[in-house]
Each structure stands twice: as structure tokens, then as C-alpha cells.
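Input: a single structure, listed below in C-alpha cells.
The values are calculated or read from the model by the stated rules, or taken from the named source; none is laboratory data. The structure presented is a predicted model; accordingly, all values stated were derived computationally and were not measured. Please note: Cβ atoms are built from the backbone with ideal geometry, for glycine as well, and neighbour counts cover all protein chains shown. Remember, those area values only see protein heavy atoms, side chains included, never the ligands or the DNA or RNA. Shrake-Rupley method; radii C 1.70, N 1.55, O 1.52, S 1.80 Å.
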Amino acid sequence: MDNKKLAGLLFPNIDKTPEYYEEKYPERGLEKGAMVTRLAPSPTGFIHLGNLFGAVVDERLASQSGGVFILRIEDTDAKREVEGAVELTISTMKHFGIEFTEGATSEGETGEYGPYRQRQRKDIYQAFAKYLVEQGKAYPCFCTEQDLEDIREQQKEAKIDFGYYGEWAKHRDMPLEEIEKNLAEGKEYVLRFRSEGKKDNYVKVLDGIRGEIEVPENIQDVVILKSDGIPTYHFAHAIDDHLMRVTHVVRAEEWLSTLPIHVQLFDALGFDKPLYCHTAQLMKVDNGNKRKLSKRKDPELGLDYYRQEGYTVDAVWEYLLTILNSNYEAWRDKNPDADRREFKFTTDKMTKSGTLFDIMKLNNISKDVIAKMTAEQVYEGLSGWAKEYDEGFHDVISRAEDKTIKILNMGRNAKKPRKDIVTWSQCKEFIKYFYNEYFEVLDEYPGIPQDKIKKILTEYIDTYNHADEKNDWFEKVKVITESAGYTTNTKEYKEDPEKFGGSIIEVTTIIRIALTGKANAPDIWEIQQILGKEDTMKRMQDALNKL
Ligand code: GLU
């Protein structure tokens with residue numbers, strides 16, 4: 001077989017050679033140990049936690065070692081592509097504090113190793129495909145869907161492995177004349193890699209997370225170029241990672257099964273292999289069983305979820321680092337205020353199997369992160385979130401910025417600061433009663449006679465003086481309690497509730513509900529100071545009028 005002739009027939013317009021590209025994209029000349037990583041999302045419109053999980057690893061490895069972190073868009077599958085997905089990927093990553101040093105950007109791209117969108121690299125892939133054909137390592141396959149289906153049927157009957165391999169690889173040794181004839185007839189074909197792999201052979205591969213692993217050698221003649229000349233993932237990523245001089249390929253565990261193909265392709269192309277780092281699957285505990293996070297069942301898989309709920313980027317990073325490196329939590333305990341970038345991230349501290357994603361743990365971390373913020377920082381975070389997801393609320397708090405900061409400052413400077421805010425959306429729920437636009441009475445008054453409630457509220461309004469210090473205010477509440485025939489001694493009340501019918505707890509609960517709409521809210525006196533005299537009185541009066 002004249003392979004050169006075949007290559008010329010298949011790729012008449014490809015005049016560049018692999019040498020040309022090797023020269024065009026030379027070794028990077030970085031310092032020893034500098035790592036080149038890449039995030040290679042497909043623009044399907046769904047950006048998930050797995051993407052961010054991998055991106056954190058990529059970013060840490062590259063940035064820590066003075067290397068390069070590339071964004072490459074793997075858009076070879078036009079059918080799965082969703083409009084605007086690239087922009088969404090870029091803006092989402094940016095939101096989560098992932099910064100690329102090179103690659104696709106919303107305006108185009110930056111860097112010397114592009115193009116960074118696979119569809120624009122067609123000629124490059126074809127040059128390497130042509131080279132493989134010249135070497136007798138790739139060939140055209142004209143099998144139709146039906147031919148492949150027939151092969152499968154026969155293999156099923158014979159109870160042997162499925163696929164296009166060995167004697168089943170029908171077009172592997174097609175004579176040149178027949179190929180020429182097919183091409184002349186305009187028959188569609190794909191380009192397949194000629195595998196020299198042997199069944200039951202194993203190859204050793206070093207994985208950055210798993211150490212040395214043994215995988216079965218690939219025996220399949222996999223497709224490397226589809227009928228439209230666009231490469232498959234297997235081929236494209238090999239060319240790209242090589243020419244972009246990527247040193248560490250961090251990707252999901254699901255790629256382990258096709259690793260044997262990748263290893264073979266790198267060898268056939270004469271490329272040095274990058275260090276593959278296959279991250280463990282993200283799992284959750286559901287009804288006591290561990291299972292993979294699923295797009296259909298678990299909203300928390302999508303990164304949108306965290307933005308909409310309003311998780312801080314710091315909390316998400318903090319949590320991801322916790323599950324990514326087993327020694328991160330201990331480091332954080334020792335260095336509570338250190339910048340997380342000071343932590344030395346390594347792939348050897350990553351789990352090999354099933355990373356447990358526990359949203360409760362993220363929530364706890366989130367509470368700590370927000371508890372450490374100043375009221376002004378909390379305001380910034382809340383306002384940034386509201387601007388994007390709750391315009392009405394954004395207007396309300398922007399009009400009352402000083403008041404909002406005071407609200408957010410409640411309990412913040414105490415010895416044990418409040419640790420109740422997990423997300424910005426929840427923060428809104430906590431504080432919205434402060435604003436008349438949202439105020440509504442949600443809880444019911446304690447079960448005491450209506451006329452008592454009236455009496456309590458009336459006396460409260462009559463004796464209220466906004467200038468009262470907290471103690472004076474409380475003394476008045478005590479007087480009202482006693483005047484209602486209730487006790488100020490809660491212990492005494494608990495011992496014999498019948499005797500008193502109610503205590504100061506009932507009284508403060510009535511005031512609290514009238515003021516905030518809820519039985520559980522922070523300190524009444526403080527709330528009143530923030531609300532101001534007018535709103536305080538109006539709420540009390542409204543509560544009384546409704547009775
Ligand atoms: N485009 C692939 C994906 O989105 C990337 C896999 C890789 O990182 O190599 O799953």
C-alpha cells in the first residue's frame with residue numbers, strides 16, 4: 001500500500017506537516033517545575049460543580065508553580081453546542097474567581113498557542129491525521145451505520161467483545177484501488193486509528209492522583225476524524241495538549257476508561273505524555289447510600305445553583321479545597337486567617353475514589369466565612385447578589401444602605417459573632433421584615449386571650465419612648481407584664497403555669513411578632529432602634545388595629 005499516496009488523496013489541501021506545528025508551538029521555556037494545565041469544557045450550556053472542581057485543581061497547580069492555565073473550548077460536537085455557552089462558561093468561571101492565563105476569552109482569545117477553540121483547529125488536526133495515514137497508522141473506513149450494526153449483531157451472537165477491531169475491522173486493509181473508487185463515488189468515510197494493541201495486554205500509566213495504574217491495552221480501531229473531518233475528543237485532545245505544551249491533564253474519572261486509547265495515540269504520534277490526573281467522581285449521600293451527583297436529581301450539581309442561592313465565592317473555594325486536599329482542613333484550623341493561596345496544594349492529597357460532596361458542610365463553612373466579614377463586606381456581597389438575582393430587593397437595600405449595614409451589623413461584633421447566614425438569598429429572608437415593602441406578620445400570637453394581647457399592645461404604645469435606653473425599655477416591659485397579671489419570673493412561671501397564665505416571654509413574643517412578624521428574631525430593642533420611632537409605632541398600631 002502506498003500510504004503517501006493515500007494520505008495525499010485524503011488530504012489534498014493539507015500542506016502543513018507536524019514539524020511545522022512543532023516549530024510554531026515550541027516548548028514553553030518555563031522554569032523547571034512550572035505546570036501547564038487547562039480547563040477544556042464543551043460548550044453544552046451546563047456548567048457544573050465538576051468543572052469548577054477540576055478548575056480549582058488546574059488553577060492551583062499552575063498558579064502555585066508559576067505555570068500557565070489555559071481555557072480551551074472543546075466544541076467539536078456541534079450537535080451538543082448551546083448558543084452563548086462559551087460566554088456563560090467564561091463568566092461563570094470568572095464569577096468563581098477562576099482566572100486563566102491564556103486561552104479563549106469573551107472577546108476572542110489571548111496567547112501564542114491558539115486557536116483555543118477546537119473547531120478553529122481543523123487544519124492542525126488534519127495535518128497530524130495525514131501524518132498518521134502516511135505512517136500506515138490510520139485509514140479510511142467507509143462502513144455505514146448498517147454495516148456497524150451488522151458487525152455488532154454478529155459479535156453479540158458469537159458472544160465476543162463489541163467493536164471495530166482485529167478481523168472485524170473490515171476496512172483496515174482495503175486496497176488502494178478500492179479506496180480510490182469509493183472516494184470517486186463520493187462515499188462518506190471516517191478516519192480510524194490502526195491499533196496494534198493486543199487483547200489481554202496491560203499497560204502501565206502514571207496518574208498524578210492514583211499513582212501507577214495498569215490499564216488494558218486498547219485493541220479498537222477508534223475513529224479519530226469523523227466524516228466531516230472534525231476530530232473526536234480522543235484525537236483532538238492529544239494534539240491540543242501536546243501542542244499547547246500541557247504538562248498536567250486534570251480531568252474527570254470518567255475518562256479513565258478511554259485512557260488506553262489516549263496512551264496509544266500519544267505513542268503513535270511520537271508525543272511525550274502529559275501527567276494525567278483523574279479526579280474522583282463527586283458523590284453524595286442519599287438515603288444512606290452513596291451515589292453520583294446527578295444533573296436531573298441534584299440542583300447543587302449546577303454552578304448556577306450557587307450563584308442563585310448566593311453562596312460566597314470564598315465559601316465555595318474553601319469547601320472545594322477541603323474536599324480536594326485531605327490536609328486542607330487541618331491547615332485551615334492552624335491558620336484561620338491565612339490567605340488560602342498560602343496552602344501548598346498537591347495532587348497526592350487528593351482522593352482516588354468517590355469525593356463526598358456534602359452541602360451541609362459547605363453551609364457550615366459558609367456560615368464561618370460570612371461571620372468573619374464586616375457588615376460593610378456583607379452588604380457588598382448581598383447587594384452584588386441582589387443586583388443580579390433580585391432587582392426589587394436590590395432597590396430596597398440600595399435606598400437604605402446605612403440602615404441595611406446597621407441591620408447586618410447586629411450581633412456581628414459580639415465575642416461569639418452570629419453565625420447564621422449561609423447564603424445571600426437566605427440573608428434576605430432573615431432581614432426583609434425590616435423593610436416595609438416586605439413586612440408581613442407570619443407567626444401567630446401565643447395562645448392567650450385576645451383582650452390581654454390588646455391590653456399589652458396598648459400599654460406598650462402608650463409608654464413607648466424611643467429615647468429609652470435598653471434597660472429602661474425593659475423595665476417598662478416588666479411593668480406591662482405585671483399589669484397583665486403575668487409574671488416576670490420565668491422560672492416561677494414554668495413551675496406553676498396555671499397560677500400566672502403567662503409570663504414576660506408571652507409579652508415579649510407579642511411585641512416581637514407585632515414588630516417583626518416573627519416569633520424568632522433578634523433583640524427587640526435593637527430592632528426598634530434600627531427601624532426608627534415612626535415605623536416601630538406604626539407596626540404596633542397596625543397590630544393593635546387588626547385585633
Ligand atoms: N471536553 C471534555 C469534557 O467537557 C474535557 C475533558 C478533558 O478535560 O480532557 O468533558
Flagged in region 1-25 as in a helix (DSSP H, G or I) and either within 14 Å of Arg121 (Cα to Cα) or open to solvent by 80 Å² or more (accessible area, probe 1.4 Å) (or both), in numbering order, are Lys4, Lys5, Pro18, Glu19, Tyr20, Tyr21, Glu23, Lys24
When only residues in region 281-302 that are farther than 30 Å from Met244 by Cα and part of a loop (DSSP other than H, G, I, E, B) count, which is most open to solvent (accessible area, probe 1.4 Å)? Arg296
Please go through region 23-41 and give me each residue that is without any contact (Cβ under 8 Å) to a residue 12 or more places away in the chain and farther than 30 Å from Asp77 by Cα, ordered by number. Gly29, Lys32
Kindly check whether there is at least one residue in region 62-84 that is open to solvent by 50 Å² or more (accessible area, probe 1.4 Å), within 13 Å of the ligand (Cβ to nearest atom) and not in a loop (DSSP other than H, G, I, E, B). yes
What's the number of the only condition in (1) open to solvent by 40 Å² or more (accessible area, probe 1.4 Å); (2) within 16 Å of the ligand (Cβ to nearest atom); (3) basic (Lys, Arg); (4) within 18 Å of Asp240 (Cβ to Cβ) that Arg121 fails to meet? (1)
Among the residues of region 449-477, count how many are in contact (Cβ under 8 Å) with a residue 60 or more places away in the chain, more than 30 Å from Gly392 (Cβ to Cβ) and touching a helix residue (DSSP H, G or I) at 6+ places or on another chain (Cβ under 8 Å). 7
Check Asp58 against each of (1) under 13 Å from the mean Cα position of the chain (by Cα); (2) in a helix (DSSP H, G or I); (3) not polar (S, T, N, Q) and name the one condition it does not meet. (1)
Pair list, Cβ under 9 Å, 6 or more apart: region 114-130 residue part of a helix (DSSP H, G or I) and of a type in the set (Asp, Glu), other residue open to solvent by 10 Å² or more (accessible area, probe 1.4 Å) and modelled with pLDDT of 95 or more: Asp123/Asn13; Asp123/Ile14; Asp123/Lys16
May I ask you to verify whether Phe100 is surrounded by 20 or more Cβ atoms within 10 Å (Cβ to Cβ) and within 24 Å of Leu265 (Cα to Cα)? no
Search result, residues across region 488-547 that are closer than 22 Å to Tyr438 by Cβ and basic (Lys, Arg): Arg512, Lys518, Lys533, Lys538, Arg539, Lys546
I'd like to check something: does region 361-379 contain any residue that is out of contact with any Asp or Glu (no Cβ under 6 Å at 6 or more places or on another chain), at pLDDT 95 or above, open to solvent by 70 Å² or more (accessible area, probe 1.4 Å) and closer than 30 Å to Glu253 by Cα? yes
How about region 303-340: which of its residues are free of Cβ contacts under 8 Å to residues at least 24 places away in the same chain, open to solvent by less than 30 Å² (accessible area, probe 1.4 Å) and either touching a strand residue (DSSP E or B) at 6+ places or on another chain (Cβ under 7 Å) or not in a helix (DSSP H, G or I) (or both)? Ala338
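Please give the helices (runs of 4 or more DSSP H) falling wholly within region 364-424 in which 1 or more residues are in contact with a Gly (Cβ under 6 Å, 6 or more places away or on another chain), touching a residue at least 40 places away in the same chain (Cβ under 8 Å) and of a type in the set (A, V, I, L, M, F, W, C).
Where helices (runs of 4 or more DSSP H) fall fully within region 364-424 and carry at least 1 residues being in contact with a Gly (Cβ under 6 Å, 6 or more places away or on another chain), touching a residue at least 40 places away in the same chain (Cβ under 8 Å) and of a type in the set (A, V, I, L, M, F, W, C), they are 375-389.
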Hits in region 135-149 (condition: under 28 Å from Phe271 (Cα atoms) and open to solvent by 60 Å² or more (accessible area, probe 1.4 Å)): Gln135, Lys137
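Please go through region 20-49 and pick out each residue that is farther than 18 Å from Thr346 by Cα and within 16 Å of the ligand (Cβ to nearest atom). If you could, list the steps in order and put the result at the bottom.
Within region 20-49, the subset farther than 18 Å from Thr346 by Cα is 20-31, 40-49.
Once the filter is applied, which keeps residues that are farther than 18 Å from Thr346 by Cα and within 16 Å of the ligand (Cβ to nearest atom), region 20-49 yields Ala40, Pro41, Ser42, Pro43, Thr44, Gly45, Phe46, Ile47, His48, Leu49.
Does region 150-183 hold any residues that are in a helix (DSSP H, G or I), open to solvent by 70 Å² or more (accessible area, probe 1.4 Å) and at pLDDT below 95, and which are they? First the steps, then the outcome.
Step one: filter region 150-183 for residues in a helix (DSSP H, G or I), giving 150-158, 166-168, 176-183.
With the extra rule that they be open to solvent by 70 Å² or more (accessible area, probe 1.4 Å), the set shrinks to 152-154, 156-157, 167, 177-178, 181.
Of everything in region 150-183, just one residue is in a helix (DSSP H, G or I), open to solvent by 70 Å² or more (accessible area, probe 1.4 Å) and at pLDDT below 95, namely Glu167.
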Restricting attention to region 346-360, and to residues there that are loosely packed, with under 13 Cβ neighbours inside 10 Å and more than 18 Å from the chain's Cα centre (by Cα), which single residue is modelled with the lowest pLDDT? Ser353
